[in-house]
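Here the structure is laid out as structure tokens; the discussion comes afterwards.
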Amino acid sequence: YYRVAYKFGGLSFDGREGAGGQSGELSQTDNWVDNAVTIGQFGYWGNTRVSSSPTIVENPFRRFGVDARVNFGKLDLYGAFVDGRDDQPTTTISDIDSDSWFAEADYLIYPWLQLALGYEEVNYDKAYRRDTEAVIVSLLAWPRANIKITAELKVFPENLDGNSQFLADLTYAF
């Protein structure tokens, strides 16, 4: 896996430069604001085993993509496009190309409460799987630094007959 990116403006990676403080110190308020634009390119490739019996079948695959992020105040806009290739994804199907993309907008209501709205789409060049698209709405809360609560609704616009998904998640670390 690799990723290269360039960031225009905003905070340095350690959060000190561009923070508005003196001598590289963080400012007392709104020190999380990172007004910046970031563009990047990424990729990965490898092999997965599809079958071991009666013969070993492996799937050489690759993914390459581009992404962009715009941070402005409490708003974070992010998106990416990924081009994929699987040489043998199953024992009976070969040479599948796919492309996927997503866009997301995150809004910081409070430093501990975030609202997110996203759209994602996956397309295949053959009838390997059905193309899918989804709209996702999330509310994320951090009541403590090591506790995250997520409520997420995922709706599939082309299939609105009750196949929506709801996720409630509690993540904590010690």
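The values are calculated or read from the model by the stated rules, or taken from the named source; none is laboratory data. None of these values were measured; they are calculated from a predicted model. Note: ideal-geometry Cβ built from the backbone for every residue, glycine included; neighbour counts use all protein chains shown. Each accessible area value is taken on the protein alone, full model and side chains, heavy atoms only, with ligands, DNA and RNA left out. Shrake-Rupley method; radii C 1.70, N 1.55, O 1.52, S 1.80 Å.
Odds and ends about this structure:
- Checked against the criteria, G73 counts as at pLDDT 90 or above and on the phi > 0 side of the Ramachandran plot.
- The set of residues in the range 96-132 that are open to solvent by less than 70 Å² (accessible area, probe 1.4 Å), hydroxyl-bearing (S, T, Y) and closer than 30 Å to R144 by Cα contains only Y119.
- Here K7 passes the criteria (1) modelled with pLDDT under 90; (2) over 24 Å from R129 (Cα atoms) except the one numbered (1).
- Qualifying residues in the range 149-174 (those that are over 21 Å from E120 (Cβ atoms) and open to solvent by 60 Å² or more (accessible area, probe 1.4 Å)) - the one modelled with the lowest pLDDT: F174
- Restricted to the range 17-66, and to residues there that are among the acidic types (D, E) and open to solvent by 50 Å² or more (accessible area, probe 1.4 Å), the residue that is modelled with the lowest pLDDT is E25.
- Whichever residue in the range 158-173 is of a type outside the set (D, E) and touching a strand residue (DSSP E or B) at 6+ places or on another chain (Cβ under 6 Å) and, among such residues, is farthest from A116 (Cα to Cα): Y172
Yes/no matrix, rows are residues, columns are (1) in contact with a Gly (Cβ under 9 Å, 6 or more places away or on another chain); (2) more than 26 Å from Q41 (Cα to Cα):
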position	(1), (2)
Q88	no, no
A105	yes, no
Y110	no, yes
A116	no, no
V135	yes, no
N159	no, yes
L167	no, yes
L170	no, yes
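- Count of the range 115-134 residues which are of a type in the set (A, V, I, L, M), more than 17 Å from D76 (Cα to Cα) and under 15 Å from the mean Cα position of the chain (by Cα): 2
- On the stretch given as the range 134-148, residues that are under 29 Å from D83 (Cβ atoms) and surrounded by fewer than 15 Cβ atoms within 10 Å (Cβ to Cβ) total 2.
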